[in-house]
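Readers should treat all values here as calculations from the given coordinates under stated rules, not as data from a laboratory. Quick caveat, the model's predicted, so the values are computed rather than measured. Heads up, the Cβs are rebuilt from the backbone with ideal geometry, glycines too, and the neighbour counts pull from every protein chain shown.
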Amino acid sequence: MRKKGDTVKNPFVFSKEVRDKDFCNRKKEIKDLLGFARSSQNVMIFSQRRFGKTSLVKEVLKRARKEGLLTVYVDLYASLSEEQLVKSYSEAVSNSLLSKTEKAFKNAGKLFKQLQPVLTHDDEGKPVFKVDVDLSKTIPLFEDVIDSVNRAVEKKRKKAVIVFDEFQQIGQFKNDRAEKVLRTHIQKHQNISYFFMGSKKHLIIDMFNNTNRPFYRLAAPYPLKKIKEEELTAFISKKFKDEERKINKETAASIVGICESHPYYVQYLCYIIWENTKTGEMIDSDKVAAGIKVLLEWTSPTYEATWSLLTTKQKKVLEAIAKMSEEEKMFSAELISRFGLGTPSSLQRSLKSLIDKDIVDREKDKYTIIDLFLKRWINKRS
Ligand SMILES: Nc1ncnc2c1ncn2[C@@H]1O[C@H](COP(=O)(O)OP(=O)(O)O)[C@@H](O)[C@H]1O
Ligand SMILES: [Mg+2]
């Protein structure tokens, strides 16, 4: 409920991680992941992008800290080289484990054996640690940072949980040297739980499932599922009502259904609908349809850009996936001839490149377009 004096504002959040009142449920996942953290298990958490991995894991880390665990969150999204990996990792460790006071700063040297964090200020003037990485020594420095948390854990007699977000990035490096070094070290860490998270499902699964890769079976797979329909429906109904809009359960459920319970799209569509409704107004199916139209207007430039980079064959395959029914098989002769998909082997190649581009997902022999509004956009244009 809004407090007196608060201004009314759009209660839906789709462009950043969500927490507190903007975070819907995930009770079971929080319990599971806290359990892994407490018992120092390694887990590989994966789902398509914008499914809520980062928001969920930050919630888990908050609770783990309350229980006395040390926590480190490393975002590898922008780590394209070993040097950037060491920098992101050591800065995350410094900023989590060192307090930013003068006295603690004098102790900064004790956290690492070779790396030297420097206290500076970020754009908003907040104190942060930065680390410069000597390119000629990346691997010894990497080993230093990997073991630093374990040394802190042993000294403080605590447990720790370390999260690597967008971990598939490491698998894209020139060679698997960093993967090998990381594997060798973390296997010795008895009191640390490692969470490896990935949005590019096919890449991260290969890292942990392929017998030739260093991380083969090093972590328990934990696919992040959708949030239950009823929970999302109750969540958005409350948000609309708290911020002066009327909605009945059927309409709220229809929004969740249209977005196939995808939390990002549910929030995105609700954001638009709320914006286009007046105080006290009832949200009906016309408002929902108008909201979808606006969402497609906003997203279509990016879909056009994606589309323009595809080959004619890949476009045909995407059209087929967008239009085929649940029961139809991708490689059936009928489907191939209806959409002009060519030979089975060229179809196979197009599917592979669409999966590599992260546009299509494969689950056994079922293919889906990851972005459900891209699917809508394709269906609308042809
Ligand atoms: N538990 C949740 N409750 C409400 N919205 C969520 C939840 N998880 C994800 N979202 C929505 O999805 C968006 C993306 O979430 P994020 O945690 O960044 O996903 P990921 O890390 O999987 O890409 C958020 O901005 C929010 O709109
Ligand atoms: Mg994320």
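The table that follows gives values for the structure above.
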| quantity | calculated |
| --- | --- |
| The chain - mean residue ellipticity at 222 nm from DSSP helices (-39,500 (n - 2.57) per run, n ≥ 4, rounded to 500) | -15500 deg cm²/dmol |
| Residue-wise HN-Hα coupling along the stretch 139-144, computed from phi with Karplus coefficients 6.51, -1.76, 1.60 (Hz; x: Gly, Pro) | 5, x, 5, 4, 4, 4 |
| Sequence-distant residues sharing a close amide H with Glu17 (under 5 Å, placed H) | none |
| Over the chain, relative contact order from alpha-carbon pairs under 8 Å, at least 6 apart, % | 18 percent |
| Contact order normalised by residue count of the stretch 32-146, Cα under 8 Å, 6+ apart, percent | 19 percent |
| DSSP-defined antiparallel bridges as percent of all bridges, the chain, nearest 5 | 30 percent |
| Among 357-367, 258-268, the order from most to least packed when residues are scored by Cβ within 10 Å on average | 258-268, 357-367 |
| Amide hydrogen neighbours beyond the local backbone of Val360, cut-off 5 Å, H modeled | Ile355, Ile370 |
| Given charges at beta-carbon only (K, R positive; D, E negative), |dipole| of the stretch 26-223 in Debye | 940 debye |
| Principal axis dimensions, the stretch 311-381 - Cα atoms, whole angstrom, descending | 28, 25, 23 |
| Sites Lys137 and Ile205 - FRET efficiency at Förster radius 41 Å, r taken between beta-carbons, to 0.05 | 0.80 |
| Among 276-289, 84-97, the order from most to least packed when residues are scored by Cβ within 10 Å on average | 84-97, 276-289 |
| The stretch 4-46 versus the stretch 300-331: alpha-carbon centroid distance in Å | 33 Å |
| Computed magnitude of the charge dipole of the chain (debye, nearest 20; Cβ of K, R +1, Cβ of D, E -1) | 1000 debye |
| Estimated vicinal HN-Hα couplings, Hz - the stretch 374-382 in sequence order (Karplus 6.51, -1.76, 1.60; Gly, Pro = x) | 5, 4, 4, 5, 5, 5, 6, 7, 10 |
| From the C-alpha gyration tensor of the stretch 229-305, square roots of 5λ in Å | 21, 15, 10 |
| Over 39 Å [Cα-Cα, the chain], rounded percent | 28 percent |
| Most to least packed among 219-230, 167-178 [average Cβ atoms within 10 Å] | 167-178, 219-230 |
| Extreme residue, positive dipole direction of the stretch 172-254, given options Leu232, Ser254, Phe215 (C-beta unit charges) | Phe215 |
| FRET E, pair Val128, Asp22, Förster distance 30 Å, beta-carbon r, rounded to 0.05 | 0.75 |
| Largest-first ellipsoid semi-axes for the stretch 116-208, taking √(5λ) over the Cα gyration tensor eigenvalues, angstrom | 23, 19, 16 |
| FRET efficiency estimate (nearest 0.05) - Cβ-Cβ, Lys156 to Thr120, R0 25 angstrom | 0.45 |
| Sorted largest first, extent of the stretch 26-223 alpha carbons per principal axis (Å) | 44, 39, 34 |
